[in-house]
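A.B. asks: One structure, pasted below without further comment.
The values are calculated or read from the model by the stated rules, or taken from the named source; none is laboratory data. Computed from a predicted structure; not experimentally measured. Cβ atoms come from the backbone with ideal geometry, glycine included; neighbour counts cover every protein chain shown. With ligands, DNA and RNA removed, areas are computed over all heavy atoms of the protein, side chains included. Shrake-Rupley method; radii C 1.70, N 1.55, O 1.52, S 1.80 Å.
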Amino acid sequence: MIVRKSKTASKSQAPSEARPGGETHQTTTSANQTLTTNQGVAISDNQNSLKSGARGPTLLEDFVLREKIQHFDHERIPERIVHARGSGAHGYFQPFKNLSKFTKAEFLQDPKKTTKVFVRFSTVAGGAGSVDTPRDVRGFAVKFYTEEGNFDLVGNNIPVFFIQDAIKFPDLIHSVKMEPDRAFPQAGSAHDTFWDFASLMPESMHMLMWAMSDRTIPRSLRHIEGFGVHTFRLVNAQGESTFVKFHWRPSLGVASTLWDEAVKLAGADPDYQRRDLWEAIDNGDYPEWTLSIQAFDQKTADELDFDILDPTKLIPEEIIPLTPIGRMVLNENPVNFFAETEQVAFHPGHIVPGIDFTPDPLLQGRLHSYLDTQLSRLGGPNFHEIPINKPVCPMRNFQRDGHMRMAVPPGRVAYEPNSLDPNGPRENPTRGFASFPDPNAGPKTRERPESFADHYSQARLFWRSMTPPEQGHIVSAFTFELSKVETPAIRTRMLGHLDLIEPELGKRVATAMGMVGEADKITPAVPPRDDLDPSPALSIIGKAPKTVQGRTVAVLVTDGSDANAVQKLRQALKKEGANLKLVAPKVGKLEGNGLVPDMQLDGAPSVLFDAVVALPSEAGAKELLGVAAAIDWLRDAFGHLKAIGFNAATNPLLDKAGIDTDAAMGVIALDGKNGIEGFIATAKKHKIWERDKLVRPQR
Ligand code: HDE
């Protein structure tokens, strides 16, 4: 059992005996614990090394010093080659109903039964120390600790992928990572090597549309969807198989930042999303997702106009709707980042009876990679014994030894069949995992099936499914990224692909870049279809819930601000499930109102919040007129399309920031009639899209 000193422990970190990895040798609860070496020898002095005389040289004999420094020297392990930066949380999963119709997986049978999970969210391209808000895909990996073994659903927040075959993965990742001679740019795709590769890989076009959309600049990890990407199989007790695609839907809805916001967030708080997840769980605002499946049979698969084994294709929900099957709640922060979030080892091959793979060539390659990578990352084949990776059910086999073996298997017998250990583990044809007998064998060949050849139709489908602001953002993202590319031939090649995806898209990007008429002519293997119905479910804005739940509103206050007004707003927001943070020019108690600010203005730019309110006193507002951070606070909130509430004293500040007090544009007087209600109703929109045309070119 893990026990923390209660004074420093976070609220969410209540000791939990049942949590996976909840065993450590540092378990004593008594006060006055003695500091020891790793051998358990009590340490008398942790401040001074052993020296020959007080001013003399340090002695090699000092085993306490040497052990401590040696351990420190080796504290880092290689970071993940992809998805290096991540944030984790514990939680549970609970099915809505018995799913025996589809699967015999034990954890999907009983709606009363919960299964522990550990989730790790990540960015893909950046290193472990990079920022949280680059334009990047987010990893969404879930480990279910089921009683039949661990099941890992290792997905992303985008339902398709860049490539169709695992053999291209090292090329893709080498192209997007820092360029090898100069070691920049960090955590960004806006450079020549990425676009060189992408523009030579027509199969990446669909994913590129998602990557250039608002999906890759999410508001928080609590606001992302998750997807298993590949088609999997569920297999029931009768051996019948159903194809499935897995979908996670956040209960708070999907929300994104604007690009300018994401860029500024990187400077204002590099840990923005990690902190948000941690604080939400710590405050008891547990993030929640619904797990759904798109379930279909072989006949339906054959009728689709693409191949279900092609990971660059999605099945529109309008064709095969989502069936919700359960919910996941994240309710416990890790107690130790390294032991849990860093050492957790996900692997799509961690599967349980009742779930199975398909021959998707990307998935097949992954089945090798994830096991293999743990050898260098975690140092050997025994990583399954690290507490966070350990199954909660018994594991028994004849694998032995290796680096860092923790188990101490007794006896002479380490082989099977044997007659010397009749009670030892044996295979079990009834309970054991049996692969679905997929009849998909053919001649040995290296080729891409014809059915994978249409690379543009779903890219076009995505474009046509977006609302006008989302289309504008895609145009801006392509413009930004391709403008960073230095090699003109890469830009013109990419513009050629955009023309194919949708002539309007190509034209708008070319116009914004000042390169009209320069696009290459690209001849596709299969021309894009023109008859696909848009899929509204792909739009974020189109289906955004109107809510402030889980959002943070910042209130700018000064000495003499009206504490009553703050209190009223706080109560109204609380009722809606939103948080309020007080921002002031100083962090100590304010004069004249007893308010205690949460954050100091210089460290709390408005980019950190979902909506803002300025309630300075008149004298306070006068002082703020000379503080650039205060003017920027309002100007950025306006530019980032956030609801802005204000009192009469704020008027000169708004004037200086160039903001008209127009309620239709989401700038709401709080001291007016229904001011607070009006402000909250506006904040529920998340972004005031009507304002967009006032603050940036409509590309
Ligand atoms: Fe991964 N991927 N990947 N990937 N991936 C890794 O495994 C790989 C792919 C995903 O939080 C690595 O333990 C190959 C698709 C997530 O620990 C590595 C291919 C999807 C995470 C690896 C893919 C993912 C990883 C690096 C193409 C979405 C983070 C460290 C064939 C469905 C898991 C590690 C965590 C991590 C290989 C493509 C998701 C190297 C070879 C598609 C969320 O094994």
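A.B. asks: Do you know which residues across region 342-370 are under 21 Å from Asp438 (Cβ atoms) and of a type in the set (A, V, I, L, M, F, W, C)?
C.D. replies: Ile351, Val352, Ile355, Phe357, Leu362, Leu363, Leu367
A.B. asks: Do you know which of the residues in region 645-681 that are closer than 27 Å to Ala477 by Cα and out of contact with any Ser or Thr (no Cβ under 8 Å at 6 or more places or on another chain) is surrounded by the most Cβ atoms within 10 Å (Cβ to Cβ)? Show your work before the answer.
C.D. replies: Step one: of region 645-681, the residues closer than 27 Å to Ala477 by Cα are 657-659, 665-666.
Filter once more, keeping what is out of contact with any Ser or Thr (no Cβ under 8 Å at 6 or more places or on another chain): 657-659, 665.
Details: Ala657: 20, Gly658: 11, Ile659: 23, Met665: 17.
Of everything passing the filter in region 645-681, Ile659 is surrounded by the most Cβ atoms within 10 Å (Cβ to Cβ).
A.B. asks: Within region 518-540, which residues are open to solvent by 40 Å² or more (accessible area, probe 1.4 Å) and within 29 Å of Ile224 (Cα to Cα)?
C.D. replies: Result: Leu532, Asp533, Pro534, Pro536.
A.B. asks: Moving on to the next point. When only residues in region 441-470 that are outside any loop (DSSP other than H, G, I, E, B) and without any contact (Cβ under 8 Å) to a residue 12 or more places away in the chain count, which is farthest from Thr257 (Cα to Cα)?
C.D. replies: My answer is Glu450.
A.B. asks: Return the total of residues in region 71-83 being more than 8 Å from the ligand (Cβ to nearest atom) and either open to solvent by less than 10 Å² (accessible area, probe 1.4 Å) or within 23 Å of Ile173 (Cα to Cα) (or both). It would help to see each step written out before you state the result.
C.D. replies: So the first thing to find is which residues in region 71-83 are more than 8 Å from the ligand (Cβ to nearest atom), and the list is 71-79.
Subsequent filtering for residues that are either open to solvent by less than 10 Å² (accessible area, probe 1.4 Å) or within 23 Å of Ile173 (Cα to Cα) (or both) retains 76-79.
Result for region 71-83: 4.
A.B. asks: Scan region 297-320 residue by residue and report those that are under 17 Å from Leu532 (Cα atoms) and without any contact (Cβ under 8 Å) to a residue 24 or more places away in the chain.
C.D. replies: Scanning region 297-320 gives Glu303, Leu304, Ile319.
A.B. asks: Ok, one more. Take the residues of region 359-385 that are touching a Leu at 6+ places or on another chain (Cβ under 7 Å) and surrounded by fewer than 21 Cβ atoms within 10 Å (Cβ to Cβ): which is farthest from Asp165 (Cα to Cα)?
C.D. replies: Step one: list which residues in region 359-385 are touching a Leu at 6+ places or on another chain (Cβ under 7 Å), which gives 359-360, 381.
Within this subset, residues satisfying the condition of being surrounded by fewer than 21 Cβ atoms within 10 Å (Cβ to Cβ) are 359, 381.
On the way: Pro359: 11, Pro381: 26 Å.
Top of the filtered list is Pro381.
A.B. asks: Could you list all residues from region 84-98 that are away from the ligand (no atom under 16 Å from the Cβ) and crowded, with 21+ Cβ neighbours inside 10 Å? Give the derivation first.
C.D. replies: First pass over region 84-98, keeping only residues away from the ligand (no atom under 16 Å from the Cβ): 92-98.
Those that are away from the ligand (no atom under 16 Å from the Cβ) and crowded, with 21+ Cβ neighbours inside 10 Å: Phe93, Pro95.
A.B. asks: Let me ask another. From (1) without any contact (Cβ under 8 Å) to a residue 12 or more places away in the chain; (2) part of a loop (DSSP other than H, G, I, E, B); (3) within 16 Å of the ligand (Cβ to nearest atom), pick out the condition that doesn't hold for Val160.
C.D. replies: Val160 satisfies all of (1) without any contact (Cβ under 8 Å) to a residue 12 or more places away in the chain; (2) part of a loop (DSSP other than H, G, I, E, B); (3) within 16 Å of the ligand (Cβ to nearest atom) except (1).
A.B. asks: Next up: Identify, please: which residue in region 191-207 is open to solvent by less than 20 Å² (accessible area, probe 1.4 Å), of a type in the set (A, V, I, L, M, F, W, C) and in contact with a helix residue (DSSP H, G or I) (Cβ under 6 Å, 6 or more places away or on another chain) and is, among those, nearest to Arg460 (Cα to Cα)? Outline the logic, then answer.
C.D. replies: If we filter region 191-207 for residues that are open to solvent by less than 20 Å² (accessible area, probe 1.4 Å), which is where we start, we get 191, 194-195, 198-199, 203-207.
Now narrow it down to the ones that are of a type in the set (A, V, I, L, M, F, W, C): 194-195, 198, 205, 207.
Within this subset, residues satisfying the condition of being in contact with a helix residue (DSSP H, G or I) (Cβ under 6 Å, 6 or more places away or on another chain) are 194-195, 198, 205.
On the way: Phe194: 21, Trp195: 19, Ala198: 17, Met205: 9 Å.
By that ranking, first place goes to Met205.
A.B. asks: Can you name the residue in region 316-351 that is charged (D, E, K, R) and assigned to a helix (DSSP H, G or I) and, of all such residues, is farthest from the ligand (Cβ to nearest atom)?
C.D. replies: Taking region 316-351 as the starting set, the residues that turn out to be charged (D, E, K, R) are 317-318, 327, 332, 340, 342.
Add one more test, that the residue is assigned to a helix (DSSP H, G or I), and what stays is 340, 342.
Values: Glu340: 11, Glu342: 9 Å.
Per the stated criteria, the residue is Glu340.
A.B. asks: Output the qualifying pairs, or none if there are none: Cβ atoms under 6 angstrom, residues six or more apart or on different chains, first residue in region 355-374 and modelled with pLDDT of 95 or more, second residue among the β-branched types (Val, Ile, Thr) and open to solvent by less than 50 Å² (accessible area, probe 1.4 Å).
C.D. replies: Taking only residues 6 or more apart or on different chains, the pairs are Asp356/Val235; Thr358/Thr231.
A.B. asks: Turning to a different aspect of this structure: So if I check each of Asp282, Asp307, which one is under 30 Å from Ala166 (Cβ atoms) and of a type outside the set (S, T, N, Q)? If you could, list the steps in order and put the result at the bottom.
C.D. replies: Numbers: Asp282 fails: under 30 Å from Ala166 (Cβ atoms).
Criteria check complete, one pass: Asp307.
A.B. asks: Taking region 591-628 as the search range and keeping residues that are farther than 25 Å from Gly672 by Cα and of a type in the set (A, V, I, L, M), which one is most open to solvent (accessible area, probe 1.4 Å)? Working first, answer last.
C.D. replies: Step one: filter region 591-628 for residues farther than 25 Å from Gly672 by Cα, giving 591, 596, 598-605, 607-608, 626-628.
Going one step further and asking which of them are of a type in the set (A, V, I, L, M), we end up with 596, 599, 601, 604, 607-608, 627-628.
Numbers: Val596: 86, Met599: 49, Leu601: 6, Ala604: 0, Val607: 4, Leu608: 21, Val627: 50, Ala628: 69 Å².
In this case the residue turns out to be Val596.
A.B. asks: Could you tell me which residue of region 99-131 is nearest to Ala262 (Cα to Cα), considering only residues that are away from the ligand (no atom under 16 Å from the Cβ) and among the β-branched types (Val, Ile, Thr)?
C.D. replies: In this case the residue turns out to be Val131.
A.B. asks: So, one more: Inspect region 629-637 for any residue being out of contact with any Leu (no Cβ under 6 Å at 6 or more places or on another chain), open to solvent by 60 Å² or more (accessible area, probe 1.4 Å) and at pLDDT below 95 and give the result as yes or no.
C.D. replies: Looking through region 629-637, none of the residues is out of contact with any Leu (no Cβ under 6 Å at 6 or more places or on another chain), open to solvent by 60 Å² or more (accessible area, probe 1.4 Å) and at pLDDT below 95.
A.B. asks: So which residues in region 93-131 are β-branched (Val, Ile, Thr), assigned to a loop (DSSP other than H, G, I, E, B) and in contact with a helix residue (DSSP H, G or I) (Cβ under 8 Å, 6 or more places away or on another chain), if there are any at all? Give the steps one after another, and end with the answer.
C.D. replies: Here is the first cut: in region 93-131, the residues β-branched (Val, Ile, Thr) are 103, 114-115, 117, 119, 123-124, 131.
Narrowing the set further to residues that are assigned to a loop (DSSP other than H, G, I, E, B) leaves 103, 114, 124, 131.
Within region 93-131, Val124, Val131 qualify.
A.B. asks: Another one. Scan region 375-400 for residues that are of a type in the set (S, T, N, Q), part of a loop (DSSP other than H, G, I, E, B) and in contact (Cβ under 8 Å) with a residue 24 or more places away in the chain and jot them down. So that I can check it myself, show each step before the final result.
C.D. replies: Let us first name the residues in region 375-400 that are of a type in the set (S, T, N, Q), namely 376, 382, 389, 397, 399.
Checking the rest, the ones that are also part of a loop (DSSP other than H, G, I, E, B) come to 382, 397, 399.
Correct list: Asn382, Asn397.
A.B. asks: Okay, moving on. Return a yes/no flag: does region 562-570 have any residue that is open to solvent by 30 Å² or more (accessible area, probe 1.4 Å), free of Cβ contacts under 8 Å to residues at least 60 places away in the same chain and either among the β-branched types (Val, Ile, Thr) or in contact with a Leu (Cβ under 7 Å, 6 or more places away or on another chain) (or both).
C.D. replies: There is at least one residue in region 562-570 that is open to solvent by 30 Å² or more (accessible area, probe 1.4 Å), free of Cβ contacts under 8 Å to residues at least 60 places away in the same chain and either among the β-branched types (Val, Ile, Thr) or in contact with a Leu (Cβ under 7 Å, 6 or more places away or on another chain) (or both).
A.B. asks: Report those strands (runs of 3 or more DSSP E) wholly inside region 606-699 carrying at least 2 residues which are without any contact (Cβ under 8 Å) to a residue 24 or more places away in the chain.
C.D. replies: Details: elements: 611-614, 644-646, 667-669.
Where strands (runs of 3 or more DSSP E) fall fully within region 606-699, none carries at least 2 residues being without any contact (Cβ under 8 Å) to a residue 24 or more places away in the chain.
A.B. asks: Still on this structure: Quick test of your reading of the structure: Ile69 fulfils all but one of (1) in a strand (DSSP E or B); (2) β-branched (Val, Ile, Thr); (3) more than 30 Å from Met201 (Cα to Cα). Name the failing condition by number.
C.D. replies: (1)
A.B. asks: Next question, about the same structure. Looking at (1) over 21 Å from the mean Cα position of the chain (by Cα); (2) over 21 Å from Asp307 (Cα atoms), which is the one condition that is false for Leu252?
C.D. replies: (1)
A.B. asks: Go through (1) within 11 Å of the ligand (Cβ to nearest atom); (2) surrounded by 21 or more Cβ atoms within 10 Å (Cβ to Cβ); (3) hydrophobic (A, V, I, L, M, F, W, C); (4) under 19 Å from Leu200 (Cβ atoms) for Ile167 and report which single condition fails.
C.D. replies: That leaves (2) as the condition not met.
A.B. asks: Taking into account only those residues within region 366-392 that are within 17 Å of His83 (Cα to Cα) and touching a helix residue (DSSP H, G or I) at 6+ places or on another chain (Cβ under 7 Å), which is farthest from the ligand (Cβ to nearest atom)?
C.D. replies: Gln374
A.B. asks: Quick test of your reading of the structure: Lys507 fulfils all but one of (1) open to solvent by less than 60 Å² (accessible area, probe 1.4 Å); (2) closer than 30 Å to Arg464 by Cβ; (3) part of a helix (DSSP H, G or I). Name the failing condition by number.
C.D. replies: It fails just one condition, (1).
A.B. asks: Also, I was wondering about something else. Looking for whichever is in contact with a strand residue (DSSP E or B) (Cβ under 6 Å, 6 or more places away or on another chain) and open to solvent by 10 Å² or more (accessible area, probe 1.4 Å) here; the options are Tyr286, Tyr272. Which one fits?
C.D. replies: Numbers: Tyr272 fails: in contact with a strand residue (DSSP E or B) (Cβ under 6 Å, 6 or more places away or on another chain).
Residue meeting the stated conditions: Tyr286.
A.B. asks: Any residue at all in region 44-56 that's loosely packed, with under 13 Cβ neighbours inside 10 Å and under 25 Å from Asn333 (Cα atoms)?
C.D. replies: No.
A.B. asks: Something else: Here is a list: Asp136, Asp152. Which entry is in a loop (DSSP other than H, G, I, E, B), open to solvent by less than 40 Å² (accessible area, probe 1.4 Å) and within 16 Å of the ligand (Cβ to nearest atom)? Reasoning before the result, please.
C.D. replies: Working: Asp152 fails: in a loop (DSSP other than H, G, I, E, B).
Only one candidate qualifies: Asp136.
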